[in-house]
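Structure first, commentary second.
The values are calculated or read from the model by the stated rules, or taken from the named source; none is laboratory data. Quantities reported herein were computed from a predicted structural model and do not represent experimental measurements. Heads up, the Cβs are rebuilt from the backbone with ideal geometry, glycines too, and the neighbour counts pull from every protein chain shown. In case anyone asks, the SASA skips ligands and DNA or RNA and just uses the protein heavy atoms, side chains included. Shrake-Rupley method; radii C 1.70, N 1.55, O 1.52, S 1.80 Å.
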Number of protein chains: 2
Amino acid sequence: MLDKIKSARAGLRKSEQKVADAVIEDPDACVQSSIQSLAQRALVSEPTVIRFCRALGCVGFQQFKLRLAQDLASRDAFFYQDVTAEDSSRDLAGKLLDGAIASLVQIRNQLNHEALELAIELYENCDRVELYGSGGSAVVAQDAQLKFFRLGKPAIAYSDPHIQHAAAALLDRSALIIAISHSGRSRDILRTVEIARGMRAKVISVTATKSPLAEQSDVCLSVDILEDSDVFSPVKSRLGQMVVLDILAVGVAVRGGEQMLEQLARARRAIDFKFL
Amino acid sequence: MLDKIKSARAGLRKSEQKVADAVIEDPDACVQSSIQSLAQRALVSEPTVIRFCRALGCVGFQQFKLRLAQDLASRDAFFYQDVTAEDSSRDLAGKLLDGAIASLVQIRNQLNHEALELAIELYENCDRVELYGSGGSAVVAQDAQLKFFRLGKPAIAYSDPHIQHAAAALLDRSALIIAISHSGRSRDILRTVEIARGMRAKVISVTATKSPLAEQSDVCLSVDILEDSDVFSPVKSRLGQMVVLDILAVGVAVRGGEQMLEQLARARRAIDFKFL
DNA sequence: ACCGCAAGGTAGTTATATTACTTAAATATG
DNA sequence: CATATTTAAGTAATATAACTACCTTGCGGT
């Protein structure tokens with residue numbers, strides 16, 4: 001809804017734009033106020049507010065307020081809370097799940113679509129894929145390998161840094177590597193990427209924005225999750241990384257058109273019965 | 001809010017309970033209707049509706065409606081949609097993320113807290129943990145191993161079914177196994193669990209409710225995610241499994257009290273700089 | 001300069017929420 | 001057991017908010 005207002009703004013009349021600005025400036029206040037106070041704040045008349053609502057496809061001010069309220073609610077429904085020693089297992093489950101959900105919501109709001117497009121193109125122009133991740137990120141790399149190797153090009157994941165170095169030294173310009181790291185500051189992964197780039201391989205990173213790793217890659221799919229408070233390893237960024245890689249893989253598959261999707265679905269069914 | 005109404009219902013007066021029932025019966029209709037229509041539907045007078053709102057801590061009907069609307073919005077903000085070949089990469093990312101988020105929300109709403117308590121107890125009473133998962137679930141098992149081996153007892157994950165069989169045959173009553181499977185119907189995992197139970201080991205399963213695997217385990221942490229439409233492997237249930245296992249591990253840690261949490265946090269920081 | 005049309009405001013109407021008051025019911029008390 | 005007292009719930013009145021119809025202003029075209 002808020003996005004809708006922003007994109008519709010240009011097509012509105014002058015006074016209605018004032019209303020739009022007032023709403024955008026403080027949407028929370030807006031849902032609680034009446035037509036009058038909103039009109040005052042926007043320095044327009046009340047009917048103008050109504051016309052503004054109609055322009056956005058609502059029958060009236062009430063409906064507009066309702067929709068906006070729902071929009072705001074879904075924006076920050078799941079907020080992160082620290083786990084404490086006093087928590088019951090019930091509290092704890094709720095907090096951890098809310099935190100995980102919040103992190104995915106954050107990714108949804110921040111995902112760089114241009115980068116995604118570029119990443120898809122890099123895959124399409126490569127001959128083979130290698131996935132590098134260590135520690136917790138090794139799990140993500142392995143998961144992604146399962147997806148990518150079904151897309152028709154060889155895909156392999158390495159978790160040992162030394163093997164990563166060796167593998168990177170054997171790459172060429174037709175290779176694509178996907179480097180996964182939470183912080184984007186691990187020495188090992190940076191060295192690996194350096195070697196790979198030396199061999200003219202393309203690099204997609206799945207890591208934190210503006211980290212050294214992000215800087216050194218052709219495309220960075222950002223996963224910026226604060227994990228100060230995670231008791232263990234950064235589960236949340238791992239979830240985010242997995243989903244982002246899933247999006248990349250599905251994005252590639254969708255470029256292949258309906259028949260590729262169909263083929264993949266069949267492959268999946270075949271595996272399902274046997275393995276899971 | 002809806003839960004609040006349900007729990008507050010008993011403490012309300014008779015006619016206010018009628019209102020509560022009307023709201024619970026059709027909350028969606030409620031947010032769109034006026035005081036009048038709601039009063040009619042509940043067969044009470046309009047002031048009674050207001051008194052009901054006040055009893056719930058709202059200043060008036062409007063605020064009540066707003067809060068209810070926001071509650072409903074956050075309930076099903078992220079609904080699942082099929083990916084089609086016509087989707088842009090932007091559409092696709094949104095759909096996949098919404099689906100992933102929706103699946104976590106579902107887990108939050110359905111998580112069995114008694115089972116979680118029992119699972120924590122099983123861990124506390126065991127001497128060592130083995131994690132079994134094949135295919136996609138191998139990734140989850142490996143991820144969970146990283147968490148559990150920091151809790152002070154040996155933890156190991158096996159992904160090869162034959163090795164799982166062999167390992168299970170070497171267990172005893174002090175061992176705990178965590179069996180991970182999307183469907184809970186894989187022959188291999190069922191056979192492994194059968195062997196393990198024969199050796200009197202305890203079994204926690206992370207799988208679909210009422211599946212054969214769930215039936216054969218001491219405790220089942222349910223992860224019921226429909227994945228008919230996932231193009232690839234079941235990412236969503238994998239996310240769910242990972243989060244559920246994280247909850248279990250953190251639950252165990254929290255039982256260890258403040259100092260255990262502190263110790264784990266320190267361990268995490270030490271690893272962070274080196275590995276991620 | 002005049003006409004026409006669109007934008008935006010004024011004033012009035014209707015609907016809606018809220019208050020004050022009254023009646024009915026239930027419980028306590030002599 | 002009848003009467004007082006408190007509480008619950010409805011009626012009627014009022015204030016307020018939302019919406020409609022209409023009117024004025026300003027702009028672009030002939």
Quick one: Karplus J couplings for the range B:82-87, per residue in order, coefficients 6.51, -1.76, 1.60, θ = phi - 60°, nearest Hz, x for Gly and Pro?
5, 7, 10, 5, 7, 5
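With runs of 4+ DSSP H residues as the only contributors, calculate the mean residue ellipticity of chain B at 222 nm using -39,500 (n - 2.57) per run, divided by the residue total and rounded to the nearest 500. Don't skip to the answer; put the middle values down first.
Working: 14 runs with 170 residues, N = 276.
Rounded to the nearest 500, it is -19000 deg cm²/dmol.
To the nearest 20 Debye, how big is the dipole of the protein assembly as shown about its Cα centre, given +1 on the beta carbon of each Lys and Arg and -1 on that of each Asp and Glu? Walk me through the numbers before you get to the answer.
Working: 68 positive and 70 negative charges, 127 e Å.
That gives a dipole near 620 debye.
For the range B:2-75, what is the relative contact order in percent, using Cα pairs closer than 8 Å and at least 6 residues apart in sequence? Could you put the intermediate results ahead of the total?
On the way: 64 pairs, mean separation 24.4, N = 74.
Value for the range B:2-75: 33 percent.
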Accessible area drop of at least 40 Å² (1.4 Å probe, protein heavy atoms): which residues of the range A:95-142 qualify, relative to the chain alone?
A:L96, A:L97, A:I101, A:L104, A:R108, A:H113, A:V139, A:Q142
Stokes-Einstein diffusion coefficient of the protein assembly as shown, Kirkwood radius over Cα pairs, 4 °C, 1.567 mPa s, in µm²/s:
51
Crossing angle, helix B:61-75 versus chain B [Cα axis fit, 0-90 degrees, rounded to tens]
20
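For A:A55 and B:K153, what is the calculated FRET efficiency with R₀ set at 56 Å and r taken between the beta-carbons, to the nearest 0.05?
On the way: r = 63 Å, r/R0 = 1.13.
Calculated value: 0.35.
So, with +1 on the Cβ of K and R and -1 on the Cβ of D and E, and no other charges, what is the size of the charge dipole of chain B about its Cα centre, to the nearest 20 debye?
Approximately 840 debye in magnitude.
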Report the label-to-label distance for A:N112 and B:L170 in nanometres (one decimal), using points 7 Å from each Cα along the Cα→Cβ vector.
4.7
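What is the extension gain from B:E258 to B:Q62, computed as 0.36 nm multiplied by their sequence separation minus the C-alpha to C-alpha distance, in nm to one decimal? Intermediate values should be presented prior to the final figure.
Details: separation 196, 0.36 × 196 = 70.56 nm, distance 4.39 nm.
Stretched fully, the B:E258-B:Q62 segment lengthens by 66.2 nm.
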Among B:L111, B:S186, B:V223, whose Cα lies farthest out toward the positive end of the dipole of chain B, if unit charges sit on the beta carbon of Lys, Arg (+1) and Asp, Glu (-1)?
B:L111
B:D3: net charge of surrounding residues, Cβ under 12 Å, Lys/Arg +1, Asp/Glu -1, itself excluded?
+3
How high is the relative contact order of chain A, given as a whole-number percent (alpha carbon pairs under 8 Å, six or more residues apart)?
13
Between 0 and 90°, nearest 10: helix B:14-25 axis offset from chain B longest Cα axis:
60
May I ask which of A:K6/B:K4; A:K147/B:K95; B:K147/B:K236; B:K153/B:K236 have a Cα-Cα span longer than 26 Å here?
A:K6/B:K4; B:K153/B:K236
Select from B:S89, B:S222, B:S74 the residue whose mean-square fluctuation is largest in a Gaussian network model of chain B (Cα-Cα springs shorter than 10 Å).
B:S89
Counting only residues 5 or more places away or on other chains, whose amide H sits under 5 Å from the amide H of A:V223 once H atoms are built in the peptide plane?
A:T207, A:A208, A:T209
Candidates A:L221, A:L111, A:L131, ranked by Gaussian network fluctuation over chain A, Cα under 10 Å, top entry
A:L111
Which residue, B:G256, B:G184, B:G240, tops the fluctuation ranking in a GNM of chain B built on C-alpha contacts under 10 Å?
B:G256
Of all accessible heavy-atom area on chain B, the percent that carbon and sulfur account for (1.4 Å)
50
For B:A157, which sequence-distant residues (separation of 5 or more, or a different chain) have an amide H within less than 5 Å of its own amide H, given hydrogens modelled in the peptide plane?
B:L131
What accessible area, in Å² to the nearest ten, does a 1.4 Å probe give for A:R128?
60
Can you list the HN-Hα couplings for the range A:130-142, worked out from phi with the Karplus curve (6.51, -1.76, 1.60; θ = phi - 60°), rounded to whole Hz and with x for Gly and Pro?
10, 10, 10, x, 10, x, x, 5, 4, 4, 5, 4, 5
For the range A:165-179, take each phi angle, set θ = phi - 60°, evaluate the Karplus expression 6.51 cos²θ - 1.76 cosθ + 1.60, and give the result in whole Hz per residue in order, putting x for glycine and proline.
4, 4, 5, 4, 5, 9, 7, 9, 5, 8, 8, 10, 10, 10, 9
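Return the percentage of antiparallel bridges among DSSP beta bridges fully within the range A:112-275, rounded to the nearest 5 %. Each step should come with its number before you reach the end.
Values: 0 of 19 bridges.
The antiparallel fraction comes to roughly 0 percent.
Give me the 1.4 Å probe accessible area per residue for the range A:1-112, excluding ligands and nucleic acids, in Å². Spell out each step's value before the answer.
Numbers: 5600 Å² over 112 residues.
With all protein chains present, the range A:1-112 gives 50 Å² per residue.
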With Cα coordinates, the longest principal axis of chain B makes an angle with the long axis of helix B:46-55, in degrees rounded to 10, of 40
Can you give the three extents of the C-alpha atoms in the range A:46-112 along their principal axes, from longest to shortest, in whole Å?
55, 30, 14
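Kindly compute the accessible surface that chains A and B hide from a 1.4 Å probe when together, both sides summed, and give it to the nearest 100 Å².
6900
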What translational diffusion coefficient, to the nearest whole µm²/s, does chain A have by Stokes-Einstein, given a Kirkwood radius computed over alpha-carbon pairs, a temperature of 20 °C and 1.002 mPa s viscosity?
99
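I'd like the FRET efficiency for B:D21 and B:D218, computed as 1/(1 + (r/R0)^6) with the beta carbon distance as r and R0 of 30 Å, rounded to 0.05.
Values: r = 40 Å, r/R0 = 1.33.
Result of the calculation: an efficiency of 0.15.
Would you mind getting me the FRET efficiency between B:K6 and B:D28? Use the beta-carbon distance for r and R0 = 22 Å, nearest 0.05.
Step by step, r from the Cβ atoms, then E = 0.85.
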